[in-house]
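The values are calculated or read from the model by the stated rules, or taken from the named source; none is laboratory data. Please read all numbers here as calculations on a predicted model, not as lab measurements. All Cβ positions, glycine included, derive from the backbone under ideal geometry; neighbour counts span all protein chains shown.
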């Protein structure tokens, strides 16, 4: 076996060991993460159930109240002309001149 082949063999074996070590660490961390997620679910689960029950009882109570008409609709936007939705500078150039126009006017 030549020296070059021996060096490549050692480098390959060391790389294999390094990759296996990283793979083992990754699998170990997956188990740790799974246990942490289970503990989190055990601690938060009762709270989320309680919040859901309170939300259900509140919605039932609001439906039984007299004089309620259902959900409140969103307010309608007023039509402000053909430039609706544009920034003020573009919508009304007389009231909001562009900065370059102001500079030219001063010259």
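Numerical summary
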| read-out | value |
| --- | --- |
| Test: residue 102 is at pLDDT 55 or above and on the phi < 0 side of the Ramachandran plot | no |
| Candidates 28, 76 - the one that is under 31 Å from the mean Cα position of the chain (by Cα), at pLDDT 65 or above and surrounded by 10 or more Cβ atoms within 10 Å (Cβ to Cβ) | 28 |
